[in-house]
Amino acid sequence: MKKSQSRFRRPTADEQTVLSQMTVKLLVRPEDLRKCDQILVEHHYLKNAKLVGEQLRYAVVWKGQWQAVATWSAAALHLKARDKFIGWTEEQRRQRLALVVNNSRLYVLEDCHYPNLVSRFMKLMLARLSADWESTWGHPVALAESFVDPQQYRGTAYKVSGWSQLGHTRGWKRSAVDFYERHDCPKQVWVRELVKRACVQLRAAELPPAWVGVERKIKPRCTAKAGEIASLMERLARDIPEFRRKQALAYPIAGMLALIAMAVFSGVTKGYEDLADYAATLTQGQLRALKFRLDPHTKRVRCPKRSCFASVLAEVNAERLEQVLLLWQEQVLGPVQDRLVIFDGKEIRHADVESVSAVSGTGRWLGSTLVKQGSNEIPAAREQLAKLNVVGKIVLADAAHTQVKTVRQTLYEQGGDYLLTVKKNQKDLFETLAALFTEQPFSPSAHAAHARSESGEQPGTPRDPSVGLSGSHAADGGLSRGADHRAAAPAGPAQGQEDHRDRLPH
């Protein structure tokens, strides 16, 4: 509320009627949005209705007439008092900031300054804000923030609505994407948790399930230090010589490959456009560490675009690059200690390419194999499996890889164990496993339904343990029971083509 010297007074009977009958309306119609903005431009002291990021607008309505309006928008990127109050890390702030919302405007129309109107307006808005935000933007919000100019207002409406004042801003405003200017008018910082223990959850190692979608929408960015970049570039420059023309050397091959490797390690796996977006997050210091050249006009280090990544990846020796990266990764992180090997297929967007990657249980990259033209990810996964040492480890994959050949290769040929998914569309195998996990009578007391079962023998006909696995046949039997626990590899189709008998129904 605006500063006033008037003493506190109770609402009159007519004003109390307004307070009890007023409703809060979420503004969605274009004409309502324009009306709200016009009110703010004409009457709010900032004379500005421009909002940033995700946003909502509300109005207090009584008998069809607006009494007050409020806007909510994206939170401030950097706010020292708020970030200290939450206690999150810089990376958590970057990934989770969408869970914080800013009450950017609040205005009561002339002749509507009834006692308690603003506090009631705030109560009704906060009760529905998170649900409205999720309905509109696909995720809830957990914390609200606002700024109050102490030269204009006291912040009483926030105080009586359960908000906490954290201190003051430092008197700067953002006037461009990465440029701030001082205005020497520090504002009060107010915050309010919208859910119980919101700050504890915002700084936790993992977000609650209802909030994790916010993190998934945030694009990865490069966090490597100049020294780490130099270490990787040194290895790449030594083992992979430059193969392009001099005209392309604004971006040296070692720098480009180091950038691609850092992007992959950060989770960028969807193609050239995503690589270019990742490159755009690099600072000038990081770009200099990659030895990219200055733009003579802007005097800033240039950032590679989509076409640069496409040309490099089309010409580089993929197998050699993988070997170099794995060696460098081991040099930096040491040998892999994790017992899990997880296979995951990806379709690389904008590139018409599919690959299968292996990662450890901690997310460490173990290698990738491209899916051959006209094939699928099942033989590609076996090819990648053959490159790995899985002795004493557990191989995990989705139901597409629940195949006799894959099991045979993992268990008998490479000495590993496996944990594979089985779905109901794999009918025979699913029913076999369901029967194995159903309680059954054991000898010597056979169930009455199997009265002819002899002592020492379980009821029913002995079953082949591979029955139900796609690719098992009466003739070749499935998994071998020989003394060396190995099965002879049956003759199959040409390399790169998957045997349709060994494929699960999709």
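The residue pairs whose first member lies in the range 26-40 and is without any contact (Cβ under 8 Å) to a residue 60 or more places away in the chain and of a type outside the set (Asp, Glu), whose second member is in a helix (DSSP H, G or I) and open to solvent by less than 100 Å² (accessible area, probe 1.4 Å), and whose beta carbons are closer than 6 Å, counting only pairs six or more residues apart or on different chains, are Leu27/Leu33; Leu27/Cys36.
The set of residues in the range 236-261 being more than 34 Å from the chain's Cα centre (by Cα) and under 18 Å from Glu319 (Cβ atoms) consists of Arg238, Pro241, Phe243. The number of residues in the range 67-84 that are over 14 Å from Pro140 (Cα atoms) and open to solvent by less than 20 Å² (accessible area, probe 1.4 Å) comes to 7. On the basis of being surrounded by fewer than 21 Cβ atoms within 10 Å (Cβ to Cβ) and among the small types (Gly, Ala, Ser), does Ser161 make the cut? Judged against the criteria, Ser161 is a match. Against the condition buried (at least 16 other Cβ atoms within 10 Å of the Cβ), among the small types (Gly, Ala, Ser) and within 23 Å of the chain's Cα centre (by Cα), how does Ala98 come out, does it pass? Yes; evaluated as a whole, the condition is true for this residue. Just to be sure, is Ser266 open to solvent by 30 Å² or more (accessible area, probe 1.4 Å), polar (S, T, N, Q) and farther than 21 Å from Val332 by Cα? So Ser266 does not fit the description; no. When Gly87, Gly138 are checked against the criterion of being out of contact with any Leu (no Cβ under 7 Å at 6 or more places or on another chain), open to solvent by 30 Å² or more (accessible area, probe 1.4 Å), under 19 Å from Lys196 (Cα atoms) and in contact (Cβ under 8 Å) with a residue 40 or more places away in the chain, Gly87 stands alone in meeting it. Selection of first residues in the range 98-119 that are among the acidic types (Asp, Glu) and of second residues that are open to solvent by 30 Å² or more (accessible area, probe 1.4 Å) and outside any loop (DSSP other than H, G, I, E, B), restricted to Cβ pairs under 8 Å at least 6 apart or on distinct chains, gives the following pairs, ordered by first then second residue: Glu110/His43.
If you check Ala280 against the conditions, is it under 22 Å from the mean Cα position of the chain (by Cα) and in contact (Cβ under 8 Å) with a residue 12 or more places away in the chain? Taking the combined requirement at face value, the residue satisfies it. Which of the residues spanning the range 391-414 are in a strand (DSSP E or B) and either free of Cβ contacts under 8 Å to residues at least 24 places away in the same chain or under 20 Å from Ser360 (Cβ atoms) (or both)? Result: Ile394, Val395, Leu396, Ala397.
Scanning the range 278-327 for residues that are over 26 Å from Arg364 (Cβ atoms), out of contact with any strand residue (DSSP E or B) (no Cβ under 7 Å at 6 or more places or on another chain) and of a type in the set (S, T, N, Q) yields Thr298, Ser307, Ser311.
Only a single criterion out of (1) more than 15 Å from Val191 (Cβ to Cβ); (2) open to solvent by less than 20 Å² (accessible area, probe 1.4 Å); (3) not in a loop (DSSP other than H, G, I, E, B) is not satisfied by Leu129, namely (1). For the range 85-122, taking the residues that are among the aromatic types (Phe, Trp, Tyr) and part of a loop (DSSP other than H, G, I, E, B), the one that is modelled with the lowest pLDDT is identified as Tyr114. The helices (runs of 4 or more DSSP H) found entirely in the range 192-293 that carry 2 or more residues being closer than 16 Å to Cys308 by Cα and at pLDDT 85 or above are 253-265, 272-279.
The values are calculated or read from the model by the stated rules, or taken from the named source; none is laboratory data. Worth saying up front: this structure is predicted, and the values here are computed from it rather than measured. Quick reminder, even Gly has a Cβ in these numbers, built from the backbone with ideal geometry, and neighbours come from all protein chains shown. To get the accessible areas, we keep the full protein, side chains included, count just its heavy atoms, and leave off ligands, DNA and RNA. Shrake-Rupley method; radii C 1.70, N 1.55, O 1.52, S 1.80 Å.
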